[in-house]
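The values are calculated or read from the model by the stated rules, or taken from the named source; none is laboratory data. What you see is a predicted model; the values in this text were computed from it and never measured. We place every Cβ from the backbone using ideal geometry, glycine too, and count neighbours over all the protein chains shown.
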Amino acid sequence: MRAVLVPFLLLPSLDAQQPGNAAAPSANAPALAPKPLWNGRDLAGWHGQRHFDPYKLAAMAPDKLAAMRKEDDATMAAHWRVDGGELVNDGDGAYLTSDVSFGDAEFQLDYKTVALADSGIYLRGCPQVQIWDTTEAGGKWKLGADKGSGGLWNNEKHPRMPLVLADRPFGEWNQLRIVHVGERVWVWLNGKQTVAGAVMENYWDRQRPLPASGPLQLQTHGGEIRFRMVLARPIGAEEAEQWLCGGDDATFQPLSDGKTFAGWRGDVDSYEIQDGAIRCKAGKGGNLYTDSRYGDFTVRLQFQLPPGGNNGLAIRYPGTGDPAYAGCEVQVLDDTAAKYEKLEPYQFHGSVYGVVPSHRGYLRPVGEWNFEEVTVRGTRYTVVLNGTTIVDADIASLPSKLKDHAGKNNLEGHFGFCGHGDAVAFRHVRIKKL
């Protein structure tokens, strides 16, 4: 990352569907069993919240936020009750909202509803995994109710209807299992898969990906609904990567043997291999890049940032000069550090340096390993960080803020790392030609 001051560059709308992410991993037994999110006795651990934009909620003054919470808690108390170990809503009032926020997580719950009811499960405060009356008498076949519950009904660009009709008749309990990793969602209803790794769009702002975290909400709308056995568990980084890579990771070729720099060239002396990871030596820098050259490709890797860490991914680097100018550099940066608070938008982590800014807020805490996937097809760059698309743009016609950015539209070159003096580490680096 280099400090160049320029005006903000708008990011084009996100609409890419990443390859290889649609299927759940073949071996996905959870490391931890889900734990109860509801105690089965009262509404402790939950609060009321109406259908409300979380960005506006976060920006509210404390007094106004407290006043709205008081109103919502009152309608929650009026319309929600506990009946024999079941959560019951009469079809009105604020949504039951977990006090706990979730990032990557699995949820399991049972529900039972009645004719004409229309409900759903909000993930990270965003609508929703759909629950509704799927009969013709329910009057919503024209909206897709005949396709069943368990879909991502609020999607516009990505799959919104369930893969199968799996609802049980009124009066019977339905079982939902939801896995949420990054912006992708898998859903099973009564043991049948209804969503297979689809992107869940941000209903509140479709120019942004889903928030990185937020509450689970049980929606109320139009008729009684009952819930029981509400369970949750966090999904760790390693398991998250398995979900995101699906079954196609074997088609990628490793770029490092974890022991030597075989297959690499450039500033080899500025890097070291430790515990199988390639790491830039503290106080050193320079460019480490592959012997091989690549045109269109997808690269997958894990990276670890020290506080304030700065590095970059060299894309289509010709082998001489500064990769940010002679090719393109995708930022690898701890942009949460105080020293970077005045960066330009195109300098944040994941940005195509000088050309396209990234969406922020999707890095894991400093010191943890992050998973990233970068795809270049022609001049289109897609960067997916921990399962969330933070860049998706064709850069061919976009101006660069870098003077003499001669390699911006290169169609072939080496892949590598751009060291800037910090001990940033990379591991499990693998690539697939497209």
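See the values below:
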item: Condition met for T134 (closer than 28 Å to G48 by Cα, touching an Asp or Glu at 6+ places or on another chain (Cβ under 7 Å) and at pLDDT below 95); result: no
item: Filter result for the condition that a residue is touching a residue at least 40 places away in the same chain (Cβ under 8 Å), aliphatic (A, V, I, L, M), more than 28 Å from E241 (Cβ to Cβ) and in contact with a Gly (Cβ under 7 Å, 6 or more places away or on another chain), over A145, A117; result: A117
item: Tally, over the range 131-145, of residues that are in contact with a strand residue (DSSP E or B) (Cβ under 9 Å, 6 or more places away or on another chain) and basic (K, R); result: 1
item: Tally of residues being under 16 Å from F303 (Cβ atoms) and assigned to a loop (DSSP other than H, G, I, E, B) across the range 253-273; result: 3
item: Test: P318 is surrounded by fewer than 20 Cβ atoms within 10 Å (Cβ to Cβ) and either under 14 Å from R430 (Cβ atoms) or touching a strand residue (DSSP E or B) at 6+ places or on another chain (Cβ under 6 Å) (or both); result: yes
item: Subset of the range 280-292 [surrounded by fewer than 19 Cβ atoms within 10 Å (Cβ to Cβ) and touching a Lys or Arg at 6+ places or on another chain (Cβ under 8 Å)]; result: D291
item: The range 267-291 residues that are more than 20 Å from H414 (Cα to Cα), paired with ones that are outside any loop (DSSP other than H, G, I, E, B) (beta carbon under 6 Å, 6 or more apart); result: G276/R427; K281/S270; K281/E272; K284/S270
item: Boolean, A337 is of a type in the set (G, A, S), touching a Gly at 6+ places or on another chain (Cβ under 8 Å), farther than 22 Å from T298 by Cβ and assigned by TED's automatic domain parsing to the domain that holds F415; result: yes
item: Failed item in (1) within 30 Å of L244 (Cα to Cα); (2) surrounded by 20 or more Cβ atoms within 10 Å (Cβ to Cβ); (3) in contact with a helix residue (DSSP H, G or I) (Cβ under 9 Å, 6 or more places away or on another chain), with P127 passing the rest; result: (3)
item: Index of the failed condition, M229 passing every other in (1) part of a strand (DSSP E or B); (2) touching an Asp or Glu at 6+ places or on another chain (Cβ under 8 Å); (3) closer than 30 Å to S358 by Cα; result: (3)
item: Residues of the range 170-192 satisfying the condition of being over 30 Å from G361 (Cα atoms), touching a residue at least 60 places away in the same chain (Cβ under 8 Å) and not aromatic (F, W, Y); result: E172, N174, Q175
item: Qualifying residue in the range 84-93 (condition: free of Cβ contacts under 8 Å to residues at least 24 places away in the same chain, more than 25 Å from W186 (Cβ to Cβ) and surrounded by fewer than 13 Cβ atoms within 10 Å (Cβ to Cβ)); result: yes
item: Y55 surrounded by 16 or more Cβ atoms within 10 Å (Cβ to Cβ) and under 30 Å from the mean Cα position of the chain (by Cα); result: no
item: Subset of the range 215-240 [touching a helix residue (DSSP H, G or I) at 6+ places or on another chain (Cβ under 9 Å) and either farther than 18 Å from P34 by Cα or polar (S, T, N, Q) (or both)]; result: T220
item: Selection within the range 219-242 - within 30 Å of D118 (Cα to Cα) and of a type in the set (A, V, I, L, M, F, W, C); result: I225, F227, M229, V230, L231, A232, I235
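Results for (1) more than 26 Å from D291 (Cα to Cα); (2) of a type in the set (V, I, T); (3) within 21 Å of the chain's Cα centre (by Cα), shown as yes or no for each residue.
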site: N370; (1), (2), (3): no, no, yes
site: G378; (1), (2), (3): no, no, no
site: T382; (1), (2), (3): no, yes, yes
site: I390; (1), (2), (3): yes, yes, yes
site: D404; (1), (2), (3): no, no, no
site: R430; (1), (2), (3): no, no, yes
site: L434; (1), (2), (3): no, no, no
